[in-house]
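Notes for the one structure printed next.
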Amino acid sequence: MENTIIIGGGPSGYTAAIYTSRALLQPKLFSGATPGGQITLTNDLENYPGFPEGIGGFEIFQKLDEQAKKFGSEIINEIVTEVDLKNHPFTVKTESAVYQTKSIIIATGASPRKLNIPGEKEFTGKGVSYCATCDGFFFRGKHVAVIGGGNSALDEGIFLTRFASKVSIIHRRDRLRGSAILQERAQRNEKIEFIWDTVVEEIQGDQMVQNLKLKNVKTNEISNFPIDGVFVFIGYNPNSELFNGQLNLDEEGYILVNEKKQTNIPGVFAAGDIEDKIYRQVSTCVGAGTIAALETEKFLAALEGKAYPGK
Ligand code: NAP
């Protein structure tokens, strides 16, 4: 019987592991398909407090991993395939084992949203990418398009100018959603051009991406746009399929929690991008993981009739 199982190995999950292992609860953390989560796809974090020079996404993941293990967290590189939250103790299944646990912290994060247009799936990995840090290098001296108008599109678009000869940011409106500092930085970058009021209708090519079929949403004009690569940054969808029908979710699939990160089932907590669709910062995920871990400690103490330290 486990005290607590943490599902997801991004900043929220790792923070929860650090806190619960330091409270001697011997947590097991299942890191899923992308250990480290979205930070490992980010080149540089410039706004994570305490690192004035910035810190690499992969580097911060390595440090979180080291810190969680130092206090006794068990990190398991497996995907959770099924959970039963209806009966307590809860059941968590992976491909290789079945676990019983008194509490669960869900930190499964979110995945890049897809355009869902013809050619996107066919050319994924053949010129279509959702990760500039992973794939930018392959586009040295090439012309790439970035789809989106938020902070991710701007941040990653700026990063891509290290490799690409030209970056065209294609946005469906005539105003950006991203922050002022990134807007200004992108607009000052000579390699970046903006294409406004435009959506991609189709991604075309032979073996690799060669062309985008674009539509101007104001004039309805259709045009061809020869291109070597497409980076899609149009937001994220919560990874909550496992919990469908077992937990209260909102209409977009985010897990509903209160300020204590409690879900509608006592003993099940959720933290990070799986429950937060507004802030989505590494710093806020760290905070959410902390709250979920402290509330888990309290829940377990009450379950066993022990006083929670300091209460
Ligand atoms: P986002 O803020 O939700 O922006 C998504 C962008 O994609 C919007 O401009 C949206 O257009 C566009 N879009 C959505 N669906 C589309 C579709 N089907 N076709 C074309 N365009 C579409 O997502 P994000 O940029 O990934 O950012 C997510 C969160 O992470 C935000 O809170 C952001 O602040 C944070 N973040 C922060 C940093 C940083 O601080 N350096 C870096 C990256 C991300 P509309 O504007 O028309 O809705």
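Read the figures in this text as sums done on the coordinates, not as results from a lab. If you're wondering where the values come from, they're calculated on a predicted model, not measured in any experiment. Don't worry about glycine lacking a Cβ; one is built from the backbone with ideal geometry, like all the others, and counts go over all protein chains shown.
At a glance:
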| item | result |
| --- | --- |
| Glu202 long-range amide H proximity, modeled H, under 5 Å | Lys213 |
| Dipole axis of the chain (+1 Lys, Arg; -1 Asp, Glu on Cβ), positive-most option in Thr124, Ala17, Ile79 | Ala17 |
| Cα centroid of segment 60-112 to Cα centroid of segment 245-311, whole Å | 14 |
| Shape call, segment 49-172: gyration tensor on alpha carbons, a/c limit 1.5 | prolate |
| For segment 6-14, Karplus couplings with θ = phi - 60° (6.51, -1.76, 1.60), whole Hz, Gly/Pro x | 10, 9, x, x, x, x, 5, x, 5 |
| Segment 141-157 - phi-based ³J(HN,Hα) in whole Hz, Karplus 6.51/-1.76/1.60, Gly and Pro as x | x, 9, 9, 10, 10, 10, 9, x, x, x, 4, 5, 4, 6, 4, 6, x |
| Residues of type lysines that Lys191 reaches as a straight line, Cα spacing below 19 Å, ignoring anything fewer than 8 places off in the same chain | Lys142, Lys166 |
| Cα gyration tensor shape for segment 128-232, rounded if a/c is under 1.5, else prolate or oblate | oblate |
| Per-residue HN-Hα couplings for segment 91-105 [Karplus 6.51, -1.76, 1.60; θ = phi - 60°; Hz; x = Gly/Pro] | 10, 10, 10, 10, 5, 10, 7, 10, 10, 10, 9, 7, 8, 9, 10 |
| Counting DSSP beta bridges with both ends in the chain, the antiparallel % (nearest 5) | 45 |
| Hull shadow area, averaged, the chain [alpha-carbon convex hull, nm²] | 17.6 |
| Folded to 0 to 90 degrees: helix 282-303 orientation relative to the chain principal axis, Cα | 20 |
| Chain lengthening between Asn189 and Ala302 when straightened (0.36 nm per residue, less Cα-Cα) | 35.1 nm |
| Cα lying deepest toward the dipole's positive end in segment 128-232, options Phe163, Gln210, Val200, charges on Cβ | Phe163 |
| Antiparallel %, DSSP beta bridges [both residues in segment 128-232], to 5 | 45 |
| Total formal charge among the other residues, if their Cβ is under 12 angstrom from that of Thr20, Lys/Arg +1 and Asp/Glu -1 | 0 |
| For peptides 54-60, 140-146, sequence by mean Cβ density within 10 Å, most packed first | 140-146, 54-60 |
| Eligible lysines near Lys121 by straight Cα distance, threshold 19 Å, same-chain separation 8 or greater | Lys213 |
| Charged-residue dipole, Cβ positions (Lys, Arg, Asp, Glu), segment 128-232 about Cα centre, Debye nearest 20 | 240 |
| Under 21 Å from the Cα of Lys70 - lysines, other chains or at least 8 residues apart | Lys28 |
| Environment charge at Ala164 (Cβ cut-off 10 Å; Lys +1, Arg +1, Asp -1, Glu -1) | +4 |
| Amide proton proximity set for Ile147, modelled H, under 5 Å, gap of 5+ | Ile170, Phe231, Val232, Phe233 |
| The chain - mean residue ellipticity at 222 nm from DSSP helices (-39,500 (n - 2.57) per run, n ≥ 4, rounded to 500) | -7000 deg cm²/dmol |
| Rounded to the nearest 20 debye, dipole of the chain from Cβ charges on Lys, Arg, Asp, Glu | 360 |
| Net charge contributed by nearby residues that have their C-beta within less than 10 Å of Thr133 (K/R +1, D/E -1) | -3 |
